[in-house]
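The values are calculated or read from the model by the stated rules, or taken from the named source; none is laboratory data. These numbers were taken from a predicted model, which means no experiment stands behind them. Note that we place each Cβ from the backbone using ideal geometry, even for glycine, and neighbour counts take in every protein chain shown. Accessible surface is based on the protein model in full, side chains and every heavy atom, while ligands, DNA and RNA are left aside. Shrake-Rupley method; radii C 1.70, N 1.55, O 1.52, S 1.80 Å.
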Amino acid sequence: MSKLSNQKLKLMYLLKILFEKTDTEHSLTVPDLINELKKYDINAERKSIYNDIDSLKSYGIDIRCKKSKTYSYYVADRTFELAELKLLADAVASSKFITERKSKDLIRKISSLASSYEALQLKRQVYVADRVKTMNEKIYSNVDSIHLAVAMHRQISFKYFEFTVDKKKRYRNNGEKYTASPYALTWQDENYYLIADCEKHEGVSHFRVDKMEDIEILEEAVQGDDINLGEHAKKYSACSEEKKQRWRHCLTTPFLVL
């Protein structure tokens with residue numbers, strides 16, 4: 001990109017610098033901002049920096065000034081506070097249905113919402129490698145496909161598997177696809193489940209989303225009556241741990257958890 005093109009983007013680069021390099025504990029003086037802009041082949045004068053900061057403040061960016069021997073500037077208010085980002089990062093890291101690689105990628109993206117200094121705190125806080133994670137890298141596309149099918153009121157087909165002790169896939173239903181009418185996704189016992197009416201089972205079934213594969217949205221409309229998801233969740237939560245454990249081992253029940 002030419003220097004002239006970069007000059008036209010001066011305001012955007014200034015905003016990028018302020019978001020990445022400043023927070024309530026770290027600020028930059030006008031000479032600092034001028035030097036940072038030079039790294040992008042952008043020349044700036046003090047007066048233009050003041051004008052640009054005023055423009056960004058008018059746009060709604062919460063830029064504040066620290067007064068000591070000199071004036072320095074920082075972004076005070078962001079979409080997420082650091083404590084909220086830490087909560088999100090830890091939730092991602094501890095979620096079993098997200099793979100280790102996807103967890104690291106998501107945490108990196110979450111960290112980009114903080115300053116570079118705050119991002120270091122997020123990286124120090126989160127430990128991914130020692131936590132049990134799913135090995136299904138297609139979890140994102142699974143969730144997206146299921147949400148789309150629910151919104152379209154369409155049936156889905158999919159393969160369902162489990163991992164053996166030597167980490168090899170073993171498919172249920174002799175490798176044939178299940179067909180189901182999806183109702184919703186729910187979070188239970190640290191796992192993501194699809195609540196669905198499956199043609200192979202009576203009543204409502206739960207399928208672990210990270211164990212689903214080759215999801216296809218079908219032309220057929222969903223079958224069966226709509227269920228009250230709130231009441232369904234209450235019935236599941238009210239069950240004894242022994243019964244929940246039986247359901248997780250696929251015994252036939254009114255609420256089958258696969």
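The slack between Ala91 and Arg46, meaning 0.36 nm per residue of separation minus the straight C-alpha distance, is 11.9 nm. Summing charges over neighbours of Lys159, with a neighbour being any other residue whose Cβ is under 12 Å away from its Cβ, gives +1 when K and R count +1 and D and E count -1. Could you run the Debye sum over the Cα atoms of region 1-126, one equal point scatterer each and no solvent, and tell me log10 of I(q)/I(0) at q = 0.12, 0.16 Å⁻¹, two decimals? Log10 I(q)/I(0), no solvent term: -0.53, -0.82. For region 153-220, chymotrypsin sites (Phe, Trp or Tyr not before Pro) are listed when DSSP marks them as loop and at most 11 other Cβ atoms sit within 10 Å of their Cβ; the list is empty.
Ligands, DNA and RNA left out, the 1.4 Å accessible surface of region 70-111 is 53% carbon and sulfur atoms.
Accessible surface area normalised per residue over region 18-171 is 61 Å², counting heavy atoms of protein chains with a 1.4 Å rolling probe. Surface composition of region 4-60: carbon plus sulfur atoms hold 50% of the accessible area, using a 1.4 angstrom probe and ignoring ligands, DNA and RNA. Checked against a 21 Å cut-off, the cross-linked pairs Lys138/Lys159; Lys16/Lys39; Lys169/Lys211; Lys21/Lys102 give Cα-Cα distances beyond that limit for Lys21/Lys102. Listed by chain and number, the aspartates and glutamates whose C-alpha is less than 14 Å from the C-alpha of Lys86, apart from same-chain residues fewer than 8 away, are Glu118. A simple spin-label model places pseudo-atoms 7 Å from Cα toward Cβ; at Lys123 and Asp166 they are separated by 3.9 nm. Segment Lys200..Tyr71, full-extension length gain: 39.4 nm, with 0.36 nm per residue of separation and the alpha-carbon distance subtracted.
Between Asn35 and Lys16, the contour length at 0.36 nm per residue exceeds the Cα-Cα span by 5.5 nm. Near Thr22, once Lys and Arg are set to +1 and Asp and Glu to -1 for all other residues with Cβ below 13 Å from its Cβ, the sum equals -3.
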